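Below is one structure, written out as structure tokens; the observations come after it.
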Amino acid sequence: MTWRATVLTLFPEMFPGPLGVSLAGRALASGLWGLEARDIRDSATDRHRSVDDTPAGGGPGMVLRADVLAAAIDAVDAAADRPRLVMSPRGRPLTQARVAELAAGPGPLIVCGRFEGIDQRVIDARGLEEVSIGDYVLSGGEIAAMALIDACVRLLPGVMGKLESSTDESFSAGLLEYPQYTRPQTFEGRPIPEVLLSGDHGKVAAWRLGEAEALTRARRPDLWAARPAQTIRAKGESQ
Ligand code: SAM
């Protein structure tokens, strides 16, 4: 079955947007994955098609109604066994490991919040997994959903050609990727590191691993502390 993302949004016209170009767009056009953007407003029941109301307990802004959103979710696939996500800055931060799991499944249903957020009762009642794409607040869940979908799609079989590869890239071994270089050989007085031009694959690999480790240690102590055991053993460290 083809991997498929179903997005519930108040702005279906935002899709496919950037997902319709380049790697993801070519794969979408050739049927390697599917995308469906559904308007939450189609599940509104009053004549004004209202989807939100004021927060219980007071405060600024509006909250997406539980009943409208539940109806929108149920209209998609009440019985289907797909991950159900809601994009939220309160969610568990998205990781490459979770992306790989989602890419290996049938494809998620993704709810995009707007306004102040979503009535908690629909999150609980429909078992939605809250997912964050970082510690900052976007104005809506659509761009967050696109980021998640893009990260999944590039891992689907047949999407990345031999010109692109996910084997060495950031997070694949719990490390950030080493720096990359290409022509010209010297740019504004800065040469490409000599080892990369040596043709010695062993030396190149060792240099890249050293750079990846130094970068990870300096920029992401959290990743460095949590790197996989085999990486640590390979370096003969006791930690
Ligand atoms: N009042 C909410 C809070 O403080 O947590 C923020 C609501 S935000 C303005 C509107 C919607 O944007 C959210 O419901 C969510 O769907 C989406 N959103 C904003 N930031 C996000 C993030 N970092 N990751 C994932 N989704 C995000």
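The values are calculated or read from the model by the stated rules, or taken from the named source; none is laboratory data. Treat the numbers as computed from the prediction; the structure is a model and nothing was measured. Cβ sites come from the backbone with ideal geometry, for glycine too, and all protein chains shown count toward neighbours. These accessible areas exclude ligands, DNA and RNA; they are computed on the full protein's heavy atoms, side chains included. Shrake-Rupley method; radii C 1.70, N 1.55, O 1.52, S 1.80 Å.
For this structure, a couple of remarks:
- Net lengthening on full extension, ALA214/ASP81 (0.36 nm per residue, minus Cα-Cα): 43.7 nm
- Considering only PRO55, PRO18, PRO184, the mean-square fluctuation computed in a Gaussian network model of the chain, springs between alpha carbons under 10 angstrom, is largest for PRO184.
- Rel. contact order, % - alpha carbon contacts under 8 angstrom, at least six apart, the chain: 18
- Entry comment: accessible area of the chain is 58 Å² per residue, from protein heavy atoms only and a probe of 1.4 Å.
- Across region 30-74, Cα pairs under 8 Å and at least six residues apart give a relative contact order of 34 percent.
- Computed helical MRE - 222 nm, the chain, DSSP H runs ≥ 4 contributing -39500 (n - 2.57), nearest 500: -9500 deg cm²/dmol
- Here the chain exposes an accessible surface that is 53 percent carbon and sulfur, computed with a 1.4 Å probe and the other protein chains kept in place.
- A Förster radius of 45 Å combined with the Cβ-Cβ distance from ASP46 to ALA104 puts the calculated FRET efficiency at roughly 0.65.
- Choice from THR95, THR167, THR186 with maximal GNM fluctuation in the chain (Cα, 10 Å cutoff): THR186
- With q set to 0.12, 0.13, 0.15 Å⁻¹, the log10 of I(q)/I(0) for the chain, from the Debye formula over equal scatterers at the Cα positions, is -0.81, -0.90, -1.08.
- In this label model, ARG121 and LYS203 are separated by 6.9 nm, measuring between points 7 Å along each Cα→Cβ vector.
- Rounded, prolate or oblate (a/c below 1.5 giving rounded, otherwise prolate when a/b exceeds b/c) for region 58-107 by Cα gyration tensor: oblate
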